[in-house]
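Peer 1: Encoded as structure tokens, here's the structure I'll be asking about.
Every number in this text was worked out from the coordinates using simple rules, so none of it is lab data. Given the structure is predicted, the values throughout are model-derived calculations rather than measurements. Reconstructed Cβ throughout: ideal geometry from the backbone, glycine too, with neighbour counts over all protein chains shown.
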Amino acid sequence: MKYDWFDAYCLAKNGVEKDYKAEWEASRYLIGGKMFVMHGGDKEGKEIITVKLAPEKGRFLRGQYSEIIPGYYMNKEHWNSMYVSGNVPDEVFREMLDDSYELVLKSLTKKARAEILDKE
């Protein structure tokens, strides 16, 4: 995989758990039981990684990189998929992962957030 650091980077974040959904043929990275990243493939088997982003950030990145598309089989406003075979710089991809984690973390209850962040 081009982004060989991706799995360890996601799992190093506080409170992250990983599972595999056989029916989706995809790995999910979750925080507080909510997904913030999915790693799978499209209908042709091309490897994609899907993240949650603020709508304006997603639109901006889709305009900058042809490899970033509206979320594959996801809400097209809040989720964005990136073809792994593309040329999105590592720094941009890391920022996408960080933004997705923060968005989902902020959506959790105050108590759930505190439990996750207290494990630092």
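Peer 1: Can you find a residue that is within 18 Å of residue 83 (Cβ to Cβ), outside any loop (DSSP other than H, G, I, E, B) and more than 13 Å from the chain's Cα centre (by Cα) anywhere in region 12-33?
Peer 2: Checked region 12-33: no residue is within 18 Å of residue 83 (Cβ to Cβ), outside any loop (DSSP other than H, G, I, E, B) and more than 13 Å from the chain's Cα centre (by Cα).
Peer 1: Another question, then. For residue 79, are the conditions met, namely being touching a Gly at 6+ places or on another chain (Cβ under 8 Å) and exposed (fewer than 13 other Cβ atoms within 10 Å of the Cβ)? Give the steps one after another, and end with the answer.
Peer 2: Working: touching a Gly at 6+ places or on another chain (Cβ under 8 Å): yes; exposed (fewer than 13 other Cβ atoms within 10 Å of the Cβ): no.
The answer is no for residue 79.
Peer 1: Within region 82-120, which residues are under 14 Å from residue 6 (Cβ atoms) and either touching an Asp or Glu at 6+ places or on another chain (Cβ under 8 Å) or among the charged types (D, E, K, R) (or both)?
Peer 2: 82, 83, 84, 85, 86, 88, 90, 91, 94, 95, 98
Peer 1: Any idea which of (1) assigned to a helix (DSSP H, G or I); (2) surrounded by fewer than 18 Cβ atoms within 10 Å (Cβ to Cβ); (3) in contact (Cβ under 8 Å) with a residue 24 or more places away in the chain; (4) under 15 Å from the mean Cα position of the chain (by Cα) is the one residue 93 doesn't satisfy?
Peer 2: Answer for residue 93: the failing condition is (2).
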